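Undergrad: First the structure, then my questions, so here it is.
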Amino acid sequence: MTKEREILRQAGLRSTPQRLAIVREVLSRSHPTVSEIYESVRRSFPTLGLQTVYNTLHTMTQRGLVSELPFSSATRFDTNMRPHANLVCRNCGRIEDAEFVLDQLDMMLHGVLQATGFARDGQRIDIYGVCRPCAGPKQASPGASTP
């Protein structure tokens, strides 16, 4: 069974060529929007309805297979369900996962939960700045703040 078919099975969705293409597209991109997925999949399936993309992503989100990341410009979808921080470039909008901070995130979450008794069911940590390609050769030093 392919990864795409397994995801659709976990979501409780019938495995159709259109849904397989939607899942494949979500898995192949970094934090795609509904529009990006729709436009890409529609090249192979011209009769694909936008509602099919929305419904598939909604069901995948409900089943904990992807996360919705609402931003002011668009909602993006993240397939990385492990705790991580999102590095968001203010210049180009690119989003990268920062998993190298897992120990720090675990310590922070543990401390917050222990101190407050809060019952966590998820988290989202976004760090804003400028990505390496946008920063160009005059890259700011690590830890430097951006205005």
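Undergrad: For the stretch 1-37, which residues satisfy the criterion of being within 18 Å of D78 (Cα to Cα) and of a type in the set (A, V, I, L, M, F, W, C)?
TA: Of everything in the stretch 1-37, those that are within 18 Å of D78 (Cα to Cα) and of a type in the set (A, V, I, L, M, F, W, C) turn out to be I7, L8, A11, L20, A21, I22, V23, V26, L27, V34, I37.
Undergrad: Mind telling me which of the residues R94, R24 ends up being of a type in the set (K, R) and in contact (Cβ under 8 Å) with a residue 60 or more places away in the chain?
TA: Every option except R94 fails the conditions.
Undergrad: Could you please tell me which pairs satisfy a Cβ distance under 8 Å, a separation of 6+ or placement on different chains, a first residue in the stretch 45-66 that is surrounded by fewer than 17 Cβ atoms within 10 Å (Cβ to Cβ), and a second residue that is of a type in the set (D, E)?
TA: Pairs found: T61/E68.
Undergrad: Another question, if that's okay. What is the number of the single condition among (1) farther than 30 Å from Q18 by Cβ; (2) surrounded by 11 or more Cβ atoms within 10 Å (Cβ to Cβ) that N80 does not meet?
TA: Of the numbered conditions (1) farther than 30 Å from Q18 by Cβ; (2) surrounded by 11 or more Cβ atoms within 10 Å (Cβ to Cβ), the odd one out for N80 is (1).
Undergrad: Residues in the stretch 97-137 that are in contact (Cβ under 8 Å) with a residue 12 or more places away in the chain, of a type outside the set (V, I, T) and over 18 Å from R82 (Cα atoms): how many?
TA: Of the residues in that region, 5 qualify.
Since every read-out is calculated from the coordinates, none of them should be taken as a lab result. Remember, it's a predicted structure, so these values are computed and weren't measured experimentally. Ideal geometry is used to build each Cβ from the backbone, glycine not excepted, and the neighbour counts take in all protein chains shown.
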